[in-house]
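Comments concern the structure below.
Read-outs: derived from the displayed coordinates by stated rules, not from any lab. Bear in mind the structure is a predicted one, so any value in this text is a computation, not a measurement. So basically every Cβ, Gly included, is an ideal-geometry build from the backbone, and we count neighbours across all protein chains shown.
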Amino acid sequence: MGGSFPPRPTGSVREQMRQGAFTLAQSEAATASMVMGGGGFVDAYARGHLRLLEPNPPIEGAPTSLTDYTSALPGVTPEAAWAYFVGNPGAVFESAGIRLKPATGSLSEGAKVFLEEKGPPPVWAPVSFRLEAATNTVHVTTLDGHPLRGTNRFVFESDGAGGTRLRQYSAFQGSSPATSVGLKLLDPIERQHEIWRSVHAHLHDTLVSR
């Protein structure tokens, strides 16, 4: 961990209010999704809403929180590890109690999804994916209304012994006053650590045991 902690809301007041409005609307949609149990109607609504959302990366020059997660996948090539992550996002994120809305079989360049957490409170956290097969890298960028504006970069690199070292670089800021409220009521940073620990553990337990 490094940089500025805890993450502070960044951007102009107008921008923070705009992000907060998206966050509220998406929280209401997450609640409805939980009540309805998902399904085709929820997925169709999610697709339509995601088309309205733009990337929401950290604002350059503003205080930024940084984390660096590392794990080892002995005996698994970077190509195989990257392909599993891209081809099985549902299983990867469900290991941390997160469902993808709309349901997604595999990731594609530019794919947009909501990461649904049941809470409380329920949350739809929108992200987009950029894939770099040549470097076995997956870039994740938050979209409008995500409680944290930020990026995650998953790099599957050779460990020099036939296995993979997974490095995950995170950079994030608060997107609206809701971030500060959430920090007082809950512990979203620890929840973020829990999510990524679960993802790394799932990749290890699934791939290394093969």
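General remarks:
- Global dimensions of the chain from alpha-carbon coordinates: Rg and Dmax equal 16.8, 51 Å.
- Shape descriptor for segment 1-104: Rg over Rh equals 1.03 (Cα atoms; Rh from the Kirkwood inverse mean 1/r).
- Where only alpha carbons of segment 1-54 are counted, the Rg and the Dmax (Å): 14.9, 41
- Sequence ranges 123-132, 143-152, ranked by mean other-Cβ count within 10 angstrom, highest first: 143-152, 123-132
- A Förster distance of 22 Å, applied to the separation of the beta-carbon atoms of T135 and E94, puts the FRET efficiency at 0.25.
- One chain, two ends: K118 and V208. Fully extended at 0.36 nm per residue, the span grows by 29.4 nm beyond their Cα-Cα distance.
- Evaluated at q = 0.09, 0.15, 0.20 Å⁻¹, a Debye calculation over the C-alpha positions of segment 91-210 (equal weights, vacuum) places log10 I(q)/I(0) at -0.27, -0.74, -1.29.
- Cα pair distances exceeding 15 angstrom across segment 66-135, given as percent: 62 percent
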